[in-house]
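Asker: Take this structure first; my questions come after.
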Amino acid sequence: MSAFTIRSVRHEDLDSCHRLESCCFPPAEAASRENIAVRIARFPEAFLVAEAAGLVIGHVNCGATGKDDITDEAFKGLTGHDPAGRNLVVFSLATAPPWRGQGVASALMARLVASARAQGRGRVLLLCKDHLKDFYQGLGFADGGPSASTHGGAAWREMRLNLD
């Protein structure tokens, strides 16, 4: 595999990000094209893509809030999003299957966390499946236990990274 770069999302990345989201998540969990478009338009500073040879091979995107409860489904469409919110909430971290195990997801998260710190955010919050708990703990996140979220009919864990 060749090297990859990380950059801010651009409007023309919409279809690539939607295809990536669709291949990485079950249909009930994947963000719609419309939600991805809203995230790009309303909060591009917290939407990063990994690119190799001109192709989007990974992405991470977030919303911001002052709340600690991250189970609100409407928030995924940025309803209640507060760009000045103390917490970033990761909606999606996705890596194209051929690039998994190459450090793409870790690099995206490292860049996101560095940006959150530079912006003076207090925490990065996310929900993950049980099998990803160790991955996020390896990035410094603490396990907050089972979540009340039932997004996509799945069971989730709350993960938190304090930036203070």
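Asker: For segment 59-164, give the percent of accessible area contributed by carbon and sulfur heavy atoms, probe 1.4 Å, rounded to a whole number.
Answerer: 50 percent
Asker: Which cross-chain or sequence-distant (5 or more) residues have an amide H under 5 Å from the amide H of ARG86, H modelled 1.01 Å from N in plane?
Answerer: Answer set, sorted by chain and number: THR65, GLY66.
Asker: Still on this structure, I have one more. Considering only DSSP beta bridges where both residues belong to the chain, give the percentage that are antiparallel (nearest 5).
Answerer: Antiparallel: roughly 85 percent of the beta bridges in the chain.
Asker: Same structure again: Under a 5 Å amide H to amide H cut-off, with H placed in plane at 1.01 Å, what residues pair with GLY144 once short-range neighbours are removed?
Answerer: Placed amide hydrogens put GLU158, MET159, ARG160 under 5 Å from GLY144.
Asker: In whole angstrom, note down how far apart the Cα centers of segment 130-164 and segment 1-72 are.
Answerer: 19 Å
Asker: Sticking to Cα atoms, compute the Rg of segment 76-131 to one decimal and its Dmax as the biggest Cα-Cα distance, whole number, in Å.
Answerer: Both quantities, over Cα of segment 76-131: 12.9, 36 Å.
Asker: In whole Hz, with x marking every Gly and Pro, tabulate ³J(HN,Hα) for segment 6-11 from phi via Karplus 6.51 cos²θ - 1.76 cosθ + 1.60, θ = phi - 60°.
Answerer: 10, 8, 5, 5, 10, 4
Asker: Leaving ligands, DNA and RNA out of it, rank LYS67, LYS133 by accessible area with a 1.4 Å probe, largest first.
Answerer: LYS67, LYS133
The values are calculated or read from the model by the stated rules, or taken from the named source; none is laboratory data. Worth saying up front: this structure is predicted, and the values here are computed from it rather than measured. Keep in mind that these areas ignore ligands, DNA and RNA; they rest on the heavy atoms of the full protein, side chains included. Shrake-Rupley method; radii C 1.70, N 1.55, O 1.52, S 1.80 Å.
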